[in-house]
1. Based on this model, can you work out whether residue 125 counts as of a type in the set (Asp, Glu) and surrounded by 24 or more Cβ atoms within 10 Å (Cβ to Cβ)?
2. Can you tell which of 144, 114, 85 is touching a helix residue (DSSP H, G or I) at 6+ places or on another chain (Cβ under 9 Å), surrounded by fewer than 20 Cβ atoms within 10 Å (Cβ to Cβ) and not charged (D, E, K, R)?
3. Under 6 Å by Cβ, and 6 or more places apart or on different chains, what pairs join a residue from region 121-134 that is at negative phi and in contact (Cβ under 8 Å) with a residue 24 or more places away in the chain with one that is of a type in the set (Gly, Ala, Ser) and part of a helix (DSSP H, G or I)?
4. Of the conditions (1) at pLDDT 95 or above; (2) within 18 Å of the chain's Cα centre (by Cα); (3) open to solvent by 10 Å² or more (accessible area, probe 1.4 Å), residue 70 satisfies every one except a single condition; which number is it?
5. So is residue 234 touching a residue at least 60 places away in the same chain (Cβ under 8 Å) and either under 17 Å from residue 57 (Cα atoms) or among the basic types (Lys, Arg) (or both) or not?
6. What number of residues in region 96-111 are among the hydroxyl-bearing types (Ser, Thr, Tyr), open to solvent by 20 Å² or more (accessible area, probe 1.4 Å) and touching a residue at least 24 places away in the same chain (Cβ under 8 Å)?
7. For region 42-67, name all the residues that are within 25 Å of residue 171 (Cα to Cα), surrounded by fewer than 23 Cβ atoms within 10 Å (Cβ to Cβ) and among the charged types (D, E, K, R).
8. Name the helices (runs of 4 or more DSSP H) wholly inside region 153-247 in which the number of residues that are buried (at least 18 other Cβ atoms within 10 Å of the Cβ), within 18 Å of the chain's Cα centre (by Cα) and at pLDDT 95 or above is 3 or more.
Amino acid sequence: MNRLAQALQKDDLFIPFITAGDPSLDVTIELLLSLQKQGADVIELGVPYSDPLADGPTIQAASIRAIKAGTTLPQILKMIPLARSKGVHVPIILFTYANPLYQYGFETFVEQASTFEVDGVLVPDLPFEEAQTLATLCEANGLSFISMVAPTSRERIKKIASSASGFLYCVSTTGVTGARDQLPADLKKFIDTVKQHAQVPCVVGFGIHKREQVEAIQQYADGVVIGSAIVKEIEKRGKQLLIEREKEKALAEIEDYIGELQGINTVSR
């Protein structure tokens, strides 16, 4: 059983998202360790991109900051073994877009991702019908190609869910990422439909930023993905995270926030 399959054996999966290189790649490693410490089962690591179609303002801004800091896909790939050597053992899913992969080359990317201890790939702007080449390459190299399914998928839900690998990312609502005050009224019905066809865990993302939302989703889904809310906490402390004498406190505050989302009592150091 590989690292991702083993991590997905438990209930109430917690899958946080952060943007690689925001505010720096060195800090990204420390954030990965903090997320792991606070119970992350899997981590989605966003590859900064200039036109992130699925991302709302918060993650778009994080991508811009990371790009301005000089973050590139090859640097991110090379960072992951370093993070592993420093104690990051949770599965890492690279969240990226189709255009950077086309430019990099699908085969080169997948081979390097596998070599550099990535566990899976998620490409939100690559439709299911056009993803088979990349999905096949991932499977041949021991990577999970993570699929997304949305309420608007309708008749495609069965096809997408039944062929999903690793876990299935269920988009809670149409639109882009970002905090929302309320979950859609028909979200449970959507997840119930997806689970009828999926052979892998079904996790819910987009808009989740409060403990009560996490608790509600845990009643009918296998886990949650939380991105923009965590990225916002990182943004608030971007300067402190780059100052050695202030970094520990900033990391502790981010850990406390993540603990609150999960109902874990923590106290900032």
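1. no
2. 114 is the lone residue from the list that is touching a helix residue (DSSP H, G or I) at 6+ places or on another chain (Cβ under 9 Å), surrounded by fewer than 20 Cβ atoms within 10 Å (Cβ to Cβ) and not charged (D, E, K, R).
3. As it stands, the answer is 123/98; 125/98; 126/98, since those pairs meet every condition given.
4. (2)
5. Considered against the rule, which asks whether it is touching a residue at least 60 places away in the same chain (Cβ under 8 Å) and either under 17 Å from residue 57 (Cα atoms) or among the basic types (Lys, Arg) (or both), residue 234 comes out as yes.
6. Qualifying residue count for the region: 1.
7. Result: 51, single match.
8. Where helices (runs of 4 or more DSSP H) fall fully within region 153-247 and carry at least 3 residues being buried (at least 18 other Cβ atoms within 10 Å of the Cβ), within 18 Å of the chain's Cα centre (by Cα) and at pLDDT 95 or above, they are 228-236.
The values are calculated or read from the model by the stated rules, or taken from the named source; none is laboratory data. In this text, all values refer to a predicted model and were calculated from it rather than measured experimentally. Positions of Cβ are generated from backbone atoms using ideal geometry, with glycine treated the same way; all protein chains shown enter the neighbour counts. In case anyone asks, the SASA skips ligands and DNA or RNA and just uses the protein heavy atoms, side chains included. Shrake-Rupley method; radii C 1.70, N 1.55, O 1.52, S 1.80 Å.
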